[in-house]
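Engineer: Here you go, one structure.
The values are calculated or read from the model by the stated rules, or taken from the named source; none is laboratory data. Here the structure is a predicted model, which means the values were calculated and not measured. Quick reminder, even Gly has a Cβ in these numbers, built from the backbone with ideal geometry, and neighbours come from all protein chains shown. Surface accessibility is based on the protein's heavy atoms, side chains included, excluding ligands, DNA and RNA. Shrake-Rupley method; radii C 1.70, N 1.55, O 1.52, S 1.80 Å.
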Amino acid sequence: MEFEEEKPYRLYPPQDRRLSNLVPGELRFTHEEARKCFRSKAYRATVVMCGITLEGACQLQGAKKETLHKMLQYLKDSGKIDSRLWEWADSLRLVRNSSAHFNDERVTRQDADDSLAFSEALLDYLYVLSARFEAMKKRRAEGAQVSSE
(Lines give C-alpha, C1' and ligand atoms only; values in the text may rest on other atoms or scores of the structure.)
Protein backbone atom coordinates (compact mmCIF):
# COMPACT_ATOMS: atom_id res chain seq x y z
CA MET A 1 0.00 0.00 0.00
CA GLU A 2 1.40 3.37 -1.00
CA PHE A 3 0.59 6.61 0.74
CA GLU A 4 -0.12 9.81 -1.10
CA GLU A 5 2.62 12.32 -1.72
CA GLU A 6 2.61 15.65 0.02
CA LYS A 7 0.67 18.25 -1.92
CA PRO A 8 1.28 21.99 -1.70
CA TYR A 9 -0.19 23.46 1.46
CA ARG A 10 -1.20 27.10 1.76
CA LEU A 11 0.09 28.68 4.96
CA TYR A 12 -1.81 31.95 4.75
CA PRO A 13 -4.68 32.37 4.95
CA PRO A 14 -4.94 29.19 7.01
CA GLN A 15 -6.61 26.16 5.48
CA ASP A 16 -8.09 23.02 6.94
CA ARG A 17 -6.04 19.87 7.06
CA ARG A 18 -6.92 17.69 4.10
CA LEU A 19 -8.37 14.29 4.80
CA SER A 20 -6.32 11.49 3.33
CA ASN A 21 -7.29 9.95 0.02
CA LEU A 22 -7.56 6.69 1.98
CA VAL A 23 -10.84 8.06 3.37
CA PRO A 24 -13.60 7.23 0.86
CA GLY A 25 -14.52 10.17 -1.36
CA GLU A 26 -18.15 10.37 -0.24
CA LEU A 27 -17.02 10.70 3.39
CA ARG A 28 -14.41 13.34 2.49
CA PHE A 29 -17.11 15.27 0.62
CA THR A 30 -19.58 15.09 3.51
CA HIS A 31 -16.92 16.08 6.04
CA GLU A 32 -15.89 19.02 3.86
CA GLU A 33 -19.52 20.12 3.77
CA ALA A 34 -19.52 20.07 7.58
CA ARG A 35 -16.40 22.27 7.52
CA LYS A 36 -18.10 24.70 5.15
CA CYS A 37 -21.03 24.94 7.55
CA PHE A 38 -18.61 25.65 10.38
CA ARG A 39 -16.80 28.38 8.43
CA SER A 40 -20.23 29.91 7.75
CA LYS A 41 -21.04 29.81 11.48
CA ALA A 42 -23.91 27.40 10.82
CA TYR A 43 -23.09 25.35 13.90
CA ARG A 44 -26.28 23.27 14.01
CA ALA A 45 -25.76 22.33 10.36
CA THR A 46 -22.12 21.49 11.12
CA VAL A 47 -23.15 19.01 13.80
CA VAL A 48 -25.81 17.46 11.57
CA MET A 49 -23.29 17.00 8.73
CA CYS A 50 -20.81 15.43 11.16
CA GLY A 51 -23.58 13.02 12.14
CA ILE A 52 -24.15 12.17 8.48
CA THR A 53 -20.40 11.57 8.11
CA LEU A 54 -20.52 9.28 11.13
CA GLU A 55 -23.50 7.39 9.73
CA GLY A 56 -21.77 7.00 6.37
CA ALA A 57 -18.60 5.69 7.99
CA CYS A 58 -20.62 3.12 9.91
CA GLN A 59 -22.41 1.95 6.78
CA LEU A 60 -19.18 1.70 4.78
CA GLN A 61 -17.69 -0.35 7.61
CA GLY A 62 -20.50 -2.88 7.28
CA ALA A 63 -22.94 -1.69 9.95
CA LYS A 64 -26.44 -2.33 8.63
CA LYS A 65 -28.46 -1.66 11.80
CA GLU A 66 -31.51 0.57 11.93
CA THR A 67 -30.17 3.22 14.32
CA LEU A 68 -26.88 5.07 14.53
CA HIS A 69 -26.47 3.91 18.12
CA LYS A 70 -26.70 0.27 17.02
CA MET A 71 -24.35 0.90 14.09
CA LEU A 72 -21.75 2.36 16.46
CA GLN A 73 -22.23 -0.58 18.79
CA TYR A 74 -21.57 -2.89 15.83
CA LEU A 75 -18.25 -1.09 15.14
CA LYS A 76 -17.26 -1.50 18.77
CA ASP A 77 -18.39 -5.14 19.05
CA SER A 78 -16.62 -6.09 15.81
CA GLY A 79 -13.35 -4.51 17.00
CA LYS A 80 -13.28 -1.77 14.35
CA ILE A 81 -13.18 0.89 17.07
CA ASP A 82 -12.14 0.71 20.71
CA SER A 83 -14.18 1.80 23.71
CA ARG A 84 -12.75 5.34 23.77
CA LEU A 85 -13.57 5.99 20.10
CA TRP A 86 -16.99 4.46 20.71
CA GLU A 87 -17.56 6.89 23.58
CA TRP A 88 -16.50 9.84 21.41
CA ALA A 89 -18.69 8.69 18.52
CA ASP A 90 -21.67 8.06 20.78
CA SER A 91 -21.30 11.53 22.31
CA LEU A 92 -21.20 12.96 18.79
CA ARG A 93 -24.36 10.97 18.03
CA LEU A 94 -26.14 12.53 21.03
CA VAL A 95 -25.14 16.06 20.02
CA ARG A 96 -26.25 15.28 16.45
CA ASN A 97 -29.60 13.99 17.70
CA SER A 98 -30.35 17.15 19.62
CA SER A 99 -29.21 19.27 16.67
CA ALA A 100 -31.28 17.46 14.05
CA HIS A 101 -34.63 18.22 15.65
CA PHE A 102 -36.54 21.43 16.30
CA ASN A 103 -35.95 22.41 19.92
CA ASP A 104 -34.69 25.21 22.13
CA GLU A 105 -31.28 23.66 22.62
CA ARG A 106 -28.52 25.90 21.31
CA VAL A 107 -25.62 24.40 19.40
CA THR A 108 -22.46 26.26 20.31
CA ARG A 109 -19.37 26.90 18.26
CA GLN A 110 -17.50 24.58 20.63
CA ASP A 111 -20.06 21.78 20.04
CA ALA A 112 -19.55 22.15 16.31
CA ASP A 113 -15.76 22.30 16.59
CA ASP A 114 -15.70 19.22 18.81
CA SER A 115 -18.00 17.39 16.39
CA LEU A 116 -15.64 18.15 13.52
CA ALA A 117 -12.62 17.00 15.52
CA PHE A 118 -14.22 13.76 16.68
CA SER A 119 -15.62 12.83 13.29
CA GLU A 120 -12.23 13.54 11.70
CA ALA A 121 -10.49 11.43 14.35
CA LEU A 122 -12.85 8.56 13.64
CA LEU A 123 -12.21 8.78 9.89
CA ASP A 124 -8.46 8.90 10.45
CA TYR A 125 -8.62 5.89 12.75
CA LEU A 126 -10.86 3.78 10.51
CA TYR A 127 -9.21 4.56 7.18
CA VAL A 128 -5.74 6.03 7.64
CA LEU A 129 -4.20 4.77 10.86
CA SER A 130 -5.61 1.26 10.49
CA ALA A 131 -4.22 0.99 6.94
CA ARG A 132 -0.91 2.47 8.00
CA PHE A 133 -0.59 0.06 10.92
CA GLU A 134 -1.34 -2.93 8.68
CA ALA A 135 1.25 -1.70 6.16
CA MET A 136 3.83 -1.33 8.93
CA LYS A 137 3.14 -4.85 10.24
CA LYS A 138 3.48 -6.27 6.74
CA ARG A 139 6.68 -4.33 6.05
CA ARG A 140 8.20 -5.39 9.37
CA ALA A 141 7.23 -9.02 8.82
CA GLU A 142 8.80 -8.97 5.36
CA GLY A 143 11.90 -7.29 6.79
CA ALA A 144 12.18 -9.97 9.47
CA GLN A 145 12.04 -12.66 6.78
CA VAL A 146 14.77 -10.96 4.75
CA SER A 147 17.06 -10.46 7.76
CA SER A 148 16.73 -14.11 8.85
CA GLU A 149 17.80 -15.48 5.46
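Engineer: Using heavy-atom solvent-accessible surface (probe 1.4 Å) with all chains present, what is the largest-first order of Thr30, Thr67? Show your work: numbers first, answer last.
Structural biologist: Values: Thr30 25, Thr67 55 Å².
Ranking Thr30, Thr67 by accessible area, largest first, yields Thr67, Thr30.
Engineer: Using DSSP to define loop residues, name the chymotrypsin sites (Phe, Trp or Tyr not before Pro) in region 60-118 whose beta-carbon has at most 14 other beta-carbon atoms within 10 Å.
Structural biologist: On the way: sites: Tyr74, Trp86, Trp88, Phe102, Phe118; in loops: Phe102.
Filter output for region 60-118: Phe102.
Engineer: Residue separation times 0.36 nm, minus the C-alpha to C-alpha distance between Asp90 and Gln73: what's the value?
Structural biologist: Value of the extension gain: 5.2 nm.
Engineer: Let me ask you something else. Which ³J(HN,Hα) values, rounded to whole Hz and listed in residue order, are derived for region 79-88 from phi using the Karplus coefficients 6.51, -1.76 and 1.60 in 6.51 cos²θ - 1.76 cosθ + 1.60 with θ = phi - 60°, glycine and proline given as x?
Structural biologist: Ordered by residue, 3J(HN,Hα) equals x, 6, 9, 8, 5, 5, 5, 4, 4, 4 Hz.
Engineer: Moving on. Accessible area per residue of the chain at 1.4 Å probe, in Å²? Can you show the working numbers first?
Structural biologist: Details: 9800 Å² over 149 residues.
Ligands and nucleic acids excluded, the figure is 66 Å² per residue.
Engineer: Right, another one. Under the rule that an exposed site lies in a DSSP loop and has at most 10 other Cβ atoms within 10 Å, name the longest stretch of the chain with no trypsin sites (Lys or Arg not before Pro) of that kind, not counting the sites themselves. Display every interim value, and only then the final one.
Structural biologist: Numbers: sites that count: Arg10, Arg17, Lys41, Lys64, Arg106.
By the stated rule (loop sites, at most 10 other Cβ atoms within 10 Å), 107-149.
Engineer: I'd like the distance separating the alpha-carbon centroids of region 34-55 and region 98-120, in whole Å.
Structural biologist: 8
Engineer: If I fit a long axis through the Cα atoms of helix 43-60 and take the longest principal axis of the Cα atoms of the chain, what angle between them do I get, 0 to 90°, rounded to 10?
Structural biologist: 40
Engineer: Can you spot the lysines whose alpha carbon is less than 24 Å from Lys64's alpha carbon? Ignore those fewer than 8 places along the same chain.
Structural biologist: Straight-distance partners of Lys64: Lys76, Lys80.
Engineer: Cα atoms only: what Rg and Dmax, in Å, come out for the chain?
Structural biologist: Radius of gyration, then largest Cα-Cα span, for the chain: 17.6, 68 Å.
Engineer: Please report the carbon-and-sulfur percent of the accessible area for the chain; probe 1.4 Å, protein heavy atoms only, DNA, RNA and ligands left out. Working shown, then result.
Structural biologist: Numbers: 5140 of 9800 Å².
Solvent-exposed carbon and sulfur of the chain make up 52 percent of the total.
Engineer: Roughly how tilted is helix 25-39, in degrees to the nearest 10 and between 0 and 90, from the longest Cα axis of the chain?
Structural biologist: On a 0 to 90 degree scale, this one is about 40.
Engineer: Taking the square root of 5 times each eigenvalue of the Cα gyration tensor, what semi-axes in Å does the equivalent ellipsoid of region 56-142 have, largest first? Kindly include the intermediate steps, with their values, before the conclusion.
Structural biologist: On the way: eigenvalues 169, 47, 16 Å².
Over the Cα atoms of region 56-142, the ellipsoid semi-axes are 29, 15, 9 Å.
Engineer: Counting helices only, and only those DSSP H runs with n ≥ 4, report the 222 nm mean residue ellipticity of the chain as the sum of -39,500 (n - 2.57) divided by its residues, in deg cm²/dmol to the nearest 500. Write down the numbers at each step before the final one.
Structural biologist: Values: 6 runs with 94 residues, N = 149.
Per the formula, -21000 deg cm²/dmol.
Engineer: A follow-up question, please. Suppose the chain between Arg109 and Lys64 were pulled fully straight at 0.36 nm per residue; how much longer would it get relative to their current alpha carbon spacing? Working shown, then result.
Structural biologist: Values: separation 45, 0.36 × 45 = 16.20 nm, distance 3.16 nm.
The span from Arg109 to Lys64 would gain 13.0 nm if fully extended.
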